[in-house]
Amino acid sequence: MKNWRRDSDILPVTVSDGKRTMKKIFDPQEPLLQKWNKIFVIMCILSVALDPLFFYIPVINEDKKCLHLDGASKITVCVCVLRTFFDLFYILRIIFQFKTGFKTPFSRVFGRDELIHDPVPIMKRYLTSHFIIDILSIIPLPQVIFLAIPNLKSPDPLVVKDLLKYSVLILYVPRLWRIYPLYQEVKKTIGIFTEKAWAGATFNLFLFTLASHMVGAVWYMLSIESEVWCWRRELKNASLFHEEYLSCGHGDQNVFQLLNKTCSFIDPDKIIDKNTFNFGIFFDALDSGVVESTTDLHQKFFYCFWWGLRNLSSLGQNLKTSINVIEIAFAIFIAIVGLVLYSLLIGNMQKYLHQYTQSKNFIEEKKRNFIEEKKRVKRRHEIELWMSHRMLPEDLKQRIRRFEHYKWQENSGVDEEALIRNLPKDLRRDTKRHLCLALVRRVPMFGLMDQQLLGAMCDRLKTVLYDKHSCIVCEGDPLDEMVFIMSGKVYSVTTNGGGSGFLKAGDFCGEELLTWALDPNSSSNLPISTRTVQTMSEVEAFALMADDLKFVVSQFRHLHSKQLQQVFRFYSSQWRRWAATFIQAAWRRYWKKKIERSLREAEDELQDAFANEEGSSLSLGATIYASR
């Protein structure tokens, strides 16, 4: 009770009409509620396993060939008391449902689902969802039946048996169904219980056990009914049928002799006369005496449980039924339940194997990450020692740290250039083409190049990484490389009024170096950059050095064709900027000439009009002069 008060004191309190009330609303994530939900799941499972025991109450007295109920035994009283206790305990679950808030997915408060504390929406939500199932599952019909039996002067065992059978079977559906939402609620709050293999194996074993228990109990009840069917048929054929002849206490010696002769237990495989009653799959229960009143309950339970487990495991393949429709339907039910259980078992095995593979891969990945992290820490420590030894300023240290972090993320700590450089020539060429060819083809200007030229360029391209706000090339510095941008954003600007622009994936810079390489009379001095290129984000690119570009140009003379040079100029941001500036200047000149021409035409028209009019004033002449 102390823990109850301590947990409930922290729960929110609803306010109605401005006054504080004593109604507490639970949060679904509360540890107290999670503990109760676990208890409720266990209680529901025990209750489901308890209900089939009611089927063992009807018994057969073979000495008198009659049916009676074992309602006064201690086992029967214990089953009724336990079922009543479980039902009363589940009422607490219903009360909790009226006091448990829920999170609506439609409204969010600071990125989280809003918890509803108002009792009215909580009540409406529960009443329209699982309330009816919960109420049906706690209806005490079996207990009421056995409480009413002692008050009857002459209770009819057949009527009580039928009431007991139908009440247990009908209420068994909601009692099973109520476990599903409760299990889903527990799974949301505390996770899935059957994540581990041992827990999953236990769960599958429990399903087989529960199904075998239920099938065995139903088989016991139907075995008794099959003998009662035989009694009814033989008594009707002898015109001696009365319901009281089937219950103990009203037996007749003639009836006993008739039933003992006509309803004897004969193996279905040895039946010769077609008029002999065929007990089918219920022969074992009747011949073994498990349905008799002299058999103890634990003997009945284990024998029927073994029968259910054996036939569920074999999918009912060994069952030899009679032509009784109920018997055939029961055999079909056993086969279907067995198939469902086997499919669940196979599905769970696949899930566990998948989880085992995932966990194994996860452990291996953790090992690799641990080794890589050790390398990273070691390299970072070496860099820190080197920067401290060289007494670098703090801002430069920070830039170096950012670059190393970005480089590690891209290459996972592997020195890619050194690794490729140490490979054999053919393997190095194939590796470089695999790494670079697809990316180089993303540059539209390379569409006119053949495979041989692209392969030569890929063999000389070097991967370069730039951190954010890094300067790729500065205006006025000599250009020693062409940079092909593969990812990231770059900002290009000039200080001489040439304008600015942005470069993206597929663009390149340093095209002045291409003009220098294509000129056979160019000097050994590198061209000067006319703009500053700076990164706006992390950039991954390929760099083609000046010497490598000169070598490619000298080896592939068709690069000097005017068509390819025009392609380079078309995709060059500098040439495009120059072309845009030239077009704008030409457009302005065109408009200026057009305006001047229109003014001259207007002036000529005014002069012609004034020449035709005599006696024009000087003020009008001044106006013409002003318009000029």
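Values quoted throughout were computed directly from the atomic coordinates according to the rules given, and no laboratory measurement underlies them. The model shown is predicted, which means the values in this text are computed figures rather than measured ones. Cβ: placed from backbone, ideal geometry, glycine included. Neighbour counts: every protein chain shown.
Less than 5 angstrom separates the built amide H of Ile472 from those of Val533, Gln534, Thr535, all sequence-distant by 5 or more or on a different chain.
Report, in listed order, any pair from Lys165/Lys274; Lys374/Lys468; Lys397/Lys468 with a Cα-Cα distance greater than 24 Å. List each step's numbers first, then the result.
Numbers: Lys165/Lys274 30 Å; Lys374/Lys468 26 Å; Lys397/Lys468 15 Å.
Distance filter (> 24 Å) returns Lys165/Lys274; Lys374/Lys468.
Shape call for segment 293-342 from the C-alpha gyration tensor, a ≥ b ≥ c root eigenvalues: rounded (a/c under 1.5), prolate (a/b greater than b/c) or oblate? Mind showing how you got there, number by number?
On the way: a/c = 2.71, a/b = 1.43, b/c = 1.89.
Oblate, because a/c is 1.5 or more while a/b does not exceed b/c.
Once the chain from Leu147 to Lys274 is taken as fully extended at 0.36 nm per residue, the excess over their C-alpha distance is 41.4 nm. Sort out for me the Cα centre separation of segment 155-183 from segment 453-483, rounded to whole Å. If we compute the Cα centre of each part, the gap is 80 Å. The overall shape of segment 270-354, judged from the alpha-carbon gyration tensor, is oblate: a/c is not under 1.5, and a/b is no greater than b/c.
Listing Trp307, Trp516 from the residue with the fewest other Cβ atoms within 10 Å to the one with the most, what is the order? Kindly include the intermediate steps, with their values, before the conclusion.
Values: Trp307 21, Trp516 18.
In increasing order of surrounding Cβ atoms, one gets Trp516, Trp307.
So if I take the centroid of the Cα atoms in segment 330-398 and the same for segment 263-290, what is the distance between those two points in Å? The two parts, judged by their Cα centres, are 62 Å apart.
Which of the pairs Lys64/Lys236; Lys38/Lys351; Lys504/Lys593; Lys35/Lys367; Lys375/Lys462; Lys375/Lys550 have their Cα atoms more than 28 Å apart in this structure?
Over 28 Å apart, Cα to Cα: Lys504/Lys593; Lys35/Lys367; Lys375/Lys550.
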